[in-house]
Amino acid sequence: MTHDEIIKETTLFKVEENYFTANYQGRIYSIGEMLYKCLLFLKEDKSLDDITHTINEDYNVAIDATFLKGNIDGFIDQVTSTEKKRTDTLYNYIYLKVRILGEKAISAVSSVTTPFFNKYVMMVLTPIALFMTVSLLKLIFQDGIMQHTTSLKDTFLGVIMMYVGVIIIGLIHEFGHSSSAAHYGQPSSAIGFGFYLIFPVFYSDVTKVWNLNKSKRMVVNLGGIYFQLIVNILFYLIYINLESLEFKIILKSFVISNIFLLVYAINPFFRNDGYWMYSDYFGIPNLIQEAMEFPGKLLKVFKSEIPLVEKLKFIKERLPLFIYSLLYHVIMVALIIALISLTYKNIKETRLFILNWSAVDWTIVATYKNILGLLFGLFINTYFVIRITKQFITKKAI
């Protein structure tokens with residue numbers, strides 16, 4: 001493909017006053033204003049000499065066509081390179097991805113759900129959803145449902161119902177992201193399933209939101225949580241009309257699962273919605289990576305000969321990153337200590353089990369459950385101790 005054909009296929013966006021993007025074959029590149037104008041003029045079939053003259057007049061500079069051509073060729077080389085630099089996107093940390101829904105199916109759903117992102121609708125629904133979420137939890141506690149369990153929980157049907165419920169909530173969450181992106185004219189290309197670390201997760205490919213300004217990206221970041229809160233409105237209306245204790249207990253399980261997933265999504269210390277919200281709001285790309293590198297940069301500044309005022313100014317100018325980095329390191333260290341403690345406990349329990357091997361009753365199912373629980377706990381705890389420790393040593397974000 002020639003340079004001209006590549007430029008013709010590149011879509012350009014002026015996102016904000018000093019933020020421009022170029023889209024080529026599903027990838028988005030942040031570019032400068034001058035390159036943005038050059039590419040825009042080339043798409044209009046203007047000659048390089050004419051573009052050079054216009055650029056010199058607009059920016060009051062004296063550059064030649066060779067300089068502009070070098071910048072344009074550099075951009076072409078970047079977008080066509082097979083060794084593209086990996087950026088802080090979902091494709092870096094979600095593995096074994098499987099597409100569940102494509103663009104057509106998502107668009108069909110979004111055509112119905114995008115009205116929820118009208119700003120006036122959001123202003124009405126959000127406080128109602130928050131109020132009903134709190135009211136629903138209050139009712140569950142007041143009715144004593146929180147302490148009750150259902151006979152279904154240990155049955156095959158009960159297990160299937162729980163997993164199906166969690167899957168539906170997860171998909172609704174992703175439709176929140178894709179619908180909000182579609183509302184702003186940057187539809188999702190896929191909703192899929194994969195693994196983050198070792199955990200199964202759903203994802204929505206909303207890469208195109210980088211063509212939106214910060215406030216719109218924030219809405220997309222919150223879209224999944226917003227839809228989960230709307231689900232709580234439905235749960236509330238169902239709950240107050242239920243008479244069966246058994247069904248109330250079942251609904252409680254779905255409510256708790258929804259709230260657990262909601263709180264998990266807000267967590268900013270793994271790559272959840274809260275992470276992207278913090279990153280976008282404060283304009284800190286590659287947030288975790290920057291947080292891990294920040295203590296070293298801070299130490300370098302404080303070891304330098306510059307005045308104390310300048311050192312404090314360095315922190316003040318980067319206060320959101322300083323706070324995030326501090327909390328991130330405290331949480332990760334605490335997590336490592338907790339995981340080491342749990343791993344030690346798992347090892348002791350495993351040793352005790354082996355010592356009492358002859359007394360084990362192999363005829364009951366509980367024995368096999370205990371073995372699987374010990375092995376799984378030992379694997380999970382050891383895995384995360386190694387993974388998080390390695391992250392601190394290599395300074396490479398997980």
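None of the figures in this text is laboratory data; all of them are computed from the coordinates on show. This one's a predicted model, so the numbers in the text were calculated from it and none came from an experiment. Because the Cβ atoms are built from the backbone with ideal geometry, glycine has one as well, and the counts that use them run over all protein chains shown.
For 73, 361, what's the fewest-to-most ordering of other Cβ within 10 Å of each Cβ? It would help to have the intermediate numbers written out before the result.
Numbers: 73 11, 361 7.
Least crowded to most crowded, the residues run 361, 73.
Give me, ordered by chain and number, the residues 5 or more places off residue 201 or on other chains with an amide H under 5 Å from its own placed amide H.
194, 195, 196
Output needed for the range 1-41: three equivalent-ellipsoid semi-axes, defined as square roots of 5 times the C-alpha gyration tensor eigenvalues, in descending order, whole Å. Intermediate values should be presented prior to the final figure.
On the way: eigenvalues 64, 27, 9 Å².
Each semi-axis is the square root of five times an eigenvalue, giving 18, 12, 7 Å.
Between 0 and 90 degrees, rounded to the nearest ten: what's the tilt of helix 287-303 against the longest Cα principal axis of the chain?
Long axis of 287-303 versus the principal axis of the chain: about 70 degrees.
Report the Cα centroid-to-centroid distance between the range 329-398 and the range 97-126 in angstrom, as an integer.
40
Leaving out same-chain residues fewer than 8 places away, which lysines sit with a Cα under 24 Å from that of residue 138?
153, 248, 252
How many angstrom separate the Cα center of the range 234-301 from the Cα center of the range 16-53?
If you average the Cα positions of each part, the centres end up 37 Å apart.
Assuming 0.36 nm per residue, please report the length gained on full extension of the stretch residue 361 to residue 57 beyond their Cα-Cα distance. Please report the intermediate quantities before stating the final value.
Working: separation 304, 0.36 × 304 = 109.44 nm, distance 8.74 nm.
So the chain would gain 100.7 nm between residue 361 and residue 57.
Could you give me the radius of gyration and the Dmax of the range 210-347, taking only the C-alpha atoms into account and expressing both in angstrom?
My reading of the Cα-based Rg and Dmax gives 21.2, 73 Å.
Taking the Cβ-Cβ separation of residue 64 and residue 345 as r and a Förster radius of 56 Å, what is the calculated FRET efficiency to the nearest 0.05? Please list the in-between numbers first.
Details: r = 70 Å, r/R0 = 1.25.
Once rounded, the FRET efficiency stands at 0.20.
Among 245-252, 202-209, 64-71, how do they line up by average Cβ neighbours within 10 Å per residue, starting with the highest?
Values: 245-252: 17.5, 202-209: 23.0, 64-71: 14.0.
The peptides rank, most packed first, as 202-209, 245-252, 64-71.
Can you pull a Stokes-Einstein diffusion coefficient for the chain at 20 °C (1.002 mPa s), Rh from Kirkwood over Cα pairs, as a whole number of µm²/s? Mind dumping the intermediate values first?
Working: Rh = 25.3 Å.
After rounding, the answer is 85 µm²/s.
Over 20 Å between Cα atoms: which of 316/390; 214/395; 214/297; 14/104; 14/208; 214/396 fall into that group? Walk me through the intermediate numbers first.
Details: 316/390 30 Å; 214/395 28 Å; 214/297 27 Å; 14/104 27 Å; 14/208 13 Å; 214/396 26 Å.
Checking Cα-Cα distances, 316/390; 214/395; 214/297; 14/104; 214/396 exceed 20 Å.
Throw me the Rg/Rh for the range 158-268, computed over C-alpha atoms with Kirkwood Rh, two decimals. Intermediate values should be presented prior to the final figure.
Working: Rg = 15.5 Å, Rh = 15.1 Å.
That ratio equals 1.03.
In whole Hz and in residue order, list the ³J(HN,Hα) couplings for the range 351-360 that follow from phi through the Karplus curve 6.51 cos²θ - 1.76 cosθ + 1.60, θ = phi - 60°; x for Gly and Pro.
Computed from phi, the couplings for the range 351-360 are 4, 5, 5, 5, 5, 9, 3, 5, 8, 6 Hz.
With n ≥ 4 as the cut-off for DSSP H runs, can you work out [θ] at 222 nm for the chain, using -39500 (n - 2.57) per run divided by the number of residues, rounded to the nearest 500?
Numbers: 15 runs with 266 residues, N = 398.
Estimated from H runs of four or more residues: -22500 deg cm²/dmol.
Taking only Cα atoms and a 10 Å spring cutoff, compute GNM fluctuations for the chain and point out the largest among 350, 363, 80.
Fluctuation is largest for 363.
At 10 °C and a viscosity of 1.306 mPa s, what translational diffusion coefficient does Stokes-Einstein give for the range 3-80, taking Rh as the Kirkwood radius over Cα pairs? Give it in µm²/s as a whole number.
Numbers: Rh = 12.7 Å.
The calculation lands on 125 µm²/s.
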